[in-house]
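The values are calculated or read from the model by the stated rules, or taken from the named source; none is laboratory data. Quantities reported herein were computed from a predicted structural model and do not represent experimental measurements. Methodologically, a virtual Cβ is constructed for each residue, glycine included, from the backbone with ideal geometry; neighbour enumeration extends over all protein chains shown. Protein only, heavy atoms only, side chains kept; ligands, DNA and RNA dropped before computing areas. Shrake-Rupley method; radii C 1.70, N 1.55, O 1.52, S 1.80 Å.
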2 protein chains.
Amino acid sequence: MTDKPVLPMTKRDLLTLIGKAGGATAMYMAMSSLGQAQTSPFKGPIKLDGDARGASVLILGAGVAGLVAALELRRAGYKVQVLEFNNRVGGRSWTLRGGDSFTELGGATQQCTFAPGNYINPGPWRLPFNHYAIMHYCQELGVQLEPFMQLNYNAYIHSTRAFGGKPQRYRHIQADFYGHVSELLVKAVNKNALADAVTKEDSETLLAALRNWGSLDKDYRYATGKASSDRRGWTKGPGGGLTAEPVPSDPMNLDTVLQSGMWRNIGTSLSNEHQTAIFQPVGGMDMVARAFEREVGDLVRLNSKVTSIQQDGQGVTVAYIDTKTGAQMQAKADWCLCTIPLSILSQIEMNVDAPMANAIRAVPYEAGLKVGLEFKRRFWEQDEQIYGGITTTDLPISQISYPSSNFMAKGPATLLGAYTFGAFAYEYTSLSPAERIARAVEWGSQIHPQYKEEYLSGVAVGWHRVPWTQGCFGSWSEDARAEHYKNLCQIDGRILLAGEHASFIPAWQEGGITSSLDAISRLHQRVMAG
Amino acid sequence: MTDKPVLPMTKRDLLTLIGKAGGATAMYMAMSSLGQAQTSPFKGPIKLDGDARGASVLILGAGVAGLVAALELRRAGYKVQVLEFNNRVGGRSWTLRGGDSFTELGGATQQCTFAPGNYINPGPWRLPFNHYAIMHYCQELGVQLEPFMQLNYNAYIHSTRAFGGKPQRYRHIQADFYGHVSELLVKAVNKNALADAVTKEDSETLLAALRNWGSLDKDYRYATGKASSDRRGWTKGPGGGLTAEPVPSDPMNLDTVLQSGMWRNIGTSLSNEHQTAIFQPVGGMDMVARAFEREVGDLVRLNSKVTSIQQDGQGVTVAYIDTKTGAQMQAKADWCLCTIPLSILSQIEMNVDAPMANAIRAVPYEAGLKVGLEFKRRFWEQDEQIYGGITTTDLPISQISYPSSNFMAKGPATLLGAYTFGAFAYEYTSLSPAERIARAVEWGSQIHPQYKEEYLSGVAVGWHRVPWTQGCFGSWSEDARAEHYKNLCQIDGRILLAGEHASFIPAWQEGGITSSLDAISRLHQRVMAG
């Protein structure tokens, strides 16, 4: 563990980029707004009416896109088989628990030693209410959900460049930003500066609304007193008996809030995919894959590494290697639905026409990294009254997410000690797993000094080193999408693709599922027509 | 069930007041801001050092205030006994389940027929993270907590006076209010109208912050497009495959948002006692009382109705009736900690001096009413994608709170179909339980048309008809508090009081517990000094 947690300066261009973007938080936010629209067009169970007459479909990949296709195609009367590289279903919808091990590109193997019940989800970890398709399958397949604590007013915003590096409670930053915004707009209205934009009648209503929302005092000021403390908290909270009278806290002034840059951290929970209600499966995200497995596990051949996908007028032939035995194998079907990530698929022999072939190669994969850390106790709850939620920081770890379950439990607990994208993730992934973990502990201890004393173990997944994805998710530029997206999604002969990369909801399981449902609907139309 | 759900017009003055206040929502908000400051001064476990030398304390009332005193006083070496009117501990911290029955003043008895696992909490139902004392005891006593869904962006705001009575999704109102506020303040800054309040450097930062927070487009406008849809939702959400491109939704204009009055419903989740993280005990609020009962249940005598509290230089004598046998009983102790609600205590013979006697009579009790409704299925989840959270309305029911647990479960489920204070609650309580429930169904069906088809059963608790409280909570005016609060809390001879009524956190269990801890600390000092 180094004294100064500084990344190796080997990629100056990337670090320059980071600096420009304003640190990891800004980068995360840029990433999360880049083409990641978040609701879903799912309108209810898919209907594949008509007789498939025993047509066969070979599905490549048993992530959620492949699994949902297997489920719905078999229901519609198709003969289905699924080839999966890993020795488990789920793909990136994956949970690491004690006893699991994971070998990354380069050969480093991590043994997860978390206590029973503790886990991290290296891939997707949240299910927003408006991801209607995956919510539908959770309901149908009996996946038990619990609230995911996206926003916690008592978690921190941390910046190395503000408040001397001392983390601030989220509620202080938001309450003071809202209060000052409200007071400023009141001033502007009272100066008649907005007469062209707001009618006189509306102005009076607007003043009342601003006072209500910003918690201004009777003079429409955001100042020390009951109204502001009712939002940001008290210096001494009210209680009972004779020592009970509350003492208000002092709001920060506007300049402090603005110059801290911490206002950047307010918007996230307002966006579609982070609004409440938002959920996680009880026990880990792979409960979704396990639920699908109960339905279609019999169709899935694990440990099957696809090496070639060839079609002709009659059907599709897929060559694969049994990774346990090394045996060369072959599978045939009338149709092939391929959900293999483009980062891998672009390395596999495949006879599709130029439009799809070019599209497959047109999509770079975003870097992503998660570090799960296990500690001896829930010090964030016990010492700091943070029950779930996310602390954000401009350190390369980007965020710390506290567990949304088993609140107040005694004994070891895991938190997500780093979740970052882009340049930081590239840099971070280039380190050994042990070093990634050591740095997450080092950086995190700037926010929680208890880290070093309480640390037990960790796992670190850098997605560019995950052998079966070599990247986190398909990162579409607007230009690439305009040129290649339709070519990627259209049926090429007897082959069609699905997955989050074939969607407008990259990185989310909802993209994979809705992409798969769209693909099999078109496939079914083709079969019915043919 | 009447066709027109109009309350009997017997109390015109109250209804006039309601009209002025802008409906039930406004009333609720007025109530909830009236002296209800919400954090807590609790700093950790109480320390009662020194030898109590076998001093005895008689505690009246086994609500949370009485129970915590019993726990801590016995630990400190006191001889403790507790008298409780009901046949259970917990007081207002109370859960109604199938099989429970409840008889109110006037004699009406309700049998709760909810299916196993379904319940409502007629009294307290939420545990905010900043209610440190009750959170401490939940941790210590092993009360399992789960997140309470206070805010759900997909729940409704409903007003009979806006949008033709059609409920609006919360996210539309908030996103559009925030967007327009943001855009207006940008305009004011750009007009240089706030040069006296914001420096030039801060102005530029402020513009960036407003764009980020309000989700303005690149021209700093809140208009139809990706940025606004990312907050308020899309007309057609993005998905996967070839029919996947999202279609933005159209924001409402500012005038519509303001004139709807629905901006009044935005602030609640920002206030201290409603911010995340906020919890409920798994299985019902009475799990808190049951946890205390495991510790001190042996000290509590149930079914004991106190009729007289008399002290002299040597101790306190309490007369009570065994409500099962009618037998006249007596209990004696060196000291008495009385947690009986003032609404009841003011009717009991008690020889305290004028200051405390006057204080006991100085606090009116707020009216409150809750209706729990059981339905055949979770139509709010299945049909409307509302998973937990609260719909607010200007109808007399004030709010509908959807269950925060067992999401997606099949079969019957309960929701809170009315929770209202003040004039509406007085009116509503004056009806028979059956009529209260019928009206909750009638009114609620204006928001959820499924109500009538799916309704199974209900229970309705109007707190002014609850025999052992005759009111919901102590409603202190500022004047009354200035004159009487200290006199209420001070020790009078050998008698002292505790409960939410003896706190600055009325209506919350935190007030009862911190009041009790403060009282027993002072009692212990007195004993140690004596």
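Looking at B:Asp334, B:Asp298, B:Asp312, B:Asp322, which one is charged (D, E, K, R), out of contact with any helix residue (DSSP H, G or I) (no Cβ under 9 Å at 6 or more places or on another chain) and open to solvent by less than 60 Å² (accessible area, probe 1.4 Å)?
Going through B:Asp334, B:Asp298, B:Asp312, B:Asp322 in turn, the sole match is B:Asp322.
Residue under question is B:Leu216, and the condition is that it be in contact with an Asp or Glu (Cβ under 8 Å, 6 or more places away or on another chain), facing chain A (nearest Cβ under 10 Å) and either crowded, with 23+ Cβ neighbours inside 10 Å or not hydroxyl-bearing (Ser, Thr, Tyr) (or both); does it hold? Walk me through how you get there before you give the answer.
Values: in contact with an Asp or Glu (Cβ under 8 Å, 6 or more places away or on another chain): yes; facing chain A (nearest Cβ under 10 Å): no; either crowded, with 23+ Cβ neighbours inside 10 Å or not hydroxyl-bearing (Ser, Thr, Tyr) (or both): yes.
In short, no.
Taking the condition in contact (Cβ under 8 Å) with a residue 24 or more places away in the chain, crowded, with 19+ Cβ neighbours inside 10 Å and in contact with a strand residue (DSSP E or B) (Cβ under 7 Å, 6 or more places away or on another chain), does A:Asn154 pass?
yes
Mind listing whichever residues of segment A:102-133 are among the β-branched types (Val, Ile, Thr) and surrounded by 20 or more Cβ atoms within 10 Å (Cβ to Cβ)?
Applying the first criterion (among the β-branched types (Val, Ile, Thr)) to segment A:102-133 yields A:103, A:109, A:113, A:120.
If the condition is that a residue be among the β-branched types (Val, Ile, Thr) and surrounded by 20 or more Cβ atoms within 10 Å (Cβ to Cβ), then A:Ile120 is the only one that fits.
Only one of (1) surrounded by fewer than 24 Cβ atoms within 10 Å (Cβ to Cβ); (2) part of a loop (DSSP other than H, G, I, E, B) fails for A:Glu427. Which number is that?
(2)
Quick one: which residue in A:Leu270, A:Leu206, A:Leu242 is open to solvent by less than 30 Å² (accessible area, probe 1.4 Å), of a type in the set (A, V, I, L, M, F, W, C) and touching a Lys or Arg at 6+ places or on another chain (Cβ under 9 Å)?
Checking each option against the conditions leaves just A:Leu270.
As an exercise: evaluate A:Ser398 against (1) under 16 Å from the mean Cα position of the chain (by Cα); (2) at pLDDT below 95; (3) among the polar types (S, T, N, Q) and give the number of the one condition it does not meet.
It fails just one condition, (2).
All but one of (1) surrounded by fewer than 17 Cβ atoms within 10 Å (Cβ to Cβ); (2) modelled with pLDDT of 50 or more hold for A:Ser40; state the number of the condition that does not hold.
So the condition that A:Ser40 fails would be (1).
Which numbered condition trips up A:Ala480, out of (1) open to solvent by 20 Å² or more (accessible area, probe 1.4 Å); (2) more than 14 Å from chain B (Cβ to nearest Cβ); (3) farther than 19 Å from A:Cys338 by Cα?
(1)
Looking at this structure, is A:Lys305 within 14 Å of another protein chain (Cβ to nearest Cβ), charged (D, E, K, R) and either over 30 Å from A:Ala76 (Cβ atoms) or open to solvent by 10 Å² or more (accessible area, probe 1.4 Å) (or both)?
Against the criterion (within 14 Å of another protein chain (Cβ to nearest Cβ), charged (D, E, K, R) and either over 30 Å from A:Ala76 (Cβ atoms) or open to solvent by 10 Å² or more (accessible area, probe 1.4 Å) (or both)), A:Lys305 does not qualify.
Just to verify a result, which residue in segment B:132-152, among those that are out of contact with any Gly (no Cβ under 9 Å at 6 or more places or on another chain) and over 17 Å from B:Gly388 (Cβ atoms), is nearest to the other protein chains (Cβ to nearest Cβ)?
Looking at residues that are out of contact with any Gly (no Cβ under 9 Å at 6 or more places or on another chain) and over 17 Å from B:Gly388 (Cβ atoms), I get B:Gln139.
Pull out all pairs, ordered by first then second residue, where Cβ-Cβ is under 9 Å, the residues are six or more apart or on different chains, the first lies in segment A:344-363 and is over 21 Å from A:Arg92 (Cβ atoms), and the second is in a loop (DSSP other than H, G, I, E, B) and open to solvent by 30 Å² or more (accessible area, probe 1.4 Å).
A:Asn351/A:Asp312; A:Asn351/A:Gly493; A:Val352/A:Gly493; A:Asp353/A:Gly493; A:Pro355/A:Gln490; A:Met356/A:Gln490; A:Ala357/A:Ser346; A:Ala357/A:Asn351
Is it the case that B:Gly411 is over 21 Å from B:Ser93 (Cα atoms), touching an Asp or Glu at 6+ places or on another chain (Cβ under 9 Å), of a type in the set (Gly, Ala, Ser) and touching a residue at least 24 places away in the same chain (Cβ under 8 Å)?
So B:Gly411 does not fit the description; no.
Does B:Tyr170 qualify as being modelled with pLDDT of 95 or more and crowded, with 22+ Cβ neighbours inside 10 Å?
So B:Tyr170 fits the description; yes.
Test of understanding: among B:Val352, B:Val371, B:Val363, which residue is closer than 18 Å to B:Gln446 by Cβ and of a type outside the set (Phe, Trp, Tyr)?
None of the other options fit; the residue is B:Val371.
Taking segment B:179-196 on its own, how many of its residues are open to solvent by 10 Å² or more (accessible area, probe 1.4 Å) and more than 7 Å from chain A (Cβ to nearest Cβ)?
The total comes to 7.
Could you pull out the residue among A:Ile437, A:Ile447 that is touching a His at 6+ places or on another chain (Cβ under 6 Å) and surrounded by fewer than 24 Cβ atoms within 10 Å (Cβ to Cβ)?
Exactly one of A:Ile437, A:Ile447 is touching a His at 6+ places or on another chain (Cβ under 6 Å) and surrounded by fewer than 24 Cβ atoms within 10 Å (Cβ to Cβ), namely A:Ile447.
Among the residues of segment A:483-517, which ones are open to solvent by 20 Å² or more (accessible area, probe 1.4 Å) and more than 19 Å from the chain's Cα centre (by Cα)?
Hits for segment A:483-517 are A:Glu483, A:His484, A:Lys486, A:Asn487, A:Gln490, A:Ile491, A:Gly493, A:Arg494.
Report yes if some residue within segment B:460-469 is open to solvent by 10 Å² or more (accessible area, probe 1.4 Å), under 22 Å from the mean Cα position of the chain (by Cα) and of a type in the set (Lys, Arg); otherwise report no.
Within segment B:460-469, one or more residues are open to solvent by 10 Å² or more (accessible area, probe 1.4 Å), under 22 Å from the mean Cα position of the chain (by Cα) and of a type in the set (Lys, Arg).
Determine, yes or no, whether A:Thr235 is within 8 Å of another protein chain (Cβ to nearest Cβ), open to solvent by 30 Å² or more (accessible area, probe 1.4 Å) and of a type in the set (Ser, Thr, Tyr).
Numbers: within 8 Å of another protein chain (Cβ to nearest Cβ): no; open to solvent by 30 Å² or more (accessible area, probe 1.4 Å): yes; of a type in the set (Ser, Thr, Tyr): yes.
For A:Thr235, the condition - within 8 Å of another protein chain (Cβ to nearest Cβ), open to solvent by 30 Å² or more (accessible area, probe 1.4 Å) and of a type in the set (Ser, Thr, Tyr) - is not met.
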